[in-house]
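Trainee: Okay, handing you the structure first.
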């Protein structure tokens, strides 16, 4: 169903800005999970990976995998550009709210 990218390698040397490695949202991955005596492999696309790995497998099922159970994770392919050039992840400045004007205070009733 999905093609493996054969020439994909982590770039871990050279200028820091040119290094490209690590897990990203929408990556195609294989996750090796150990649960008791069972080794299970789940292949799919990453939705989130903050507190745990949330992904959808090749058959469309949702999985939420605790990092405690992950024995290995293999990135099969990046499907998005690097976050620094991804238009969907571009940080847009928040609209500034207009400052409140100081209303005149009538001290005659104070």
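Rule-based calculations on the coordinates, nothing more; no lab input. On a predicted model such as this, the values are computed, not experimentally measured, just so you know. Neighbour counts run over all protein chains shown; Cβ positions are idealised from the backbone, glycine included.
Trainee: Under the definition of Cα pairs under 8 Å and six or more residues apart, what whole-number percent is the relative contact order of region 25-87?
Mentor: 37 percent
Trainee: Is the shape of region 25-87 best called rounded, prolate or oblate, per the rule: a/c under 1.5 gives rounded, else a/b larger than b/c gives prolate, else oblate, with a ≥ b ≥ c the square roots of the Cα gyration tensor eigenvalues?
Mentor: Prolate shape, in that a/c is at least 1.5 and a/b is the bigger ratio.
Trainee: Here is a follow-up. Rank by packing, highest mean first: peptides 58-68, 23-33, with packing defined as the count of other Cβ atoms within 10 Å averaged across residues.
Mentor: Result, highest mean first: 23-33, 58-68.
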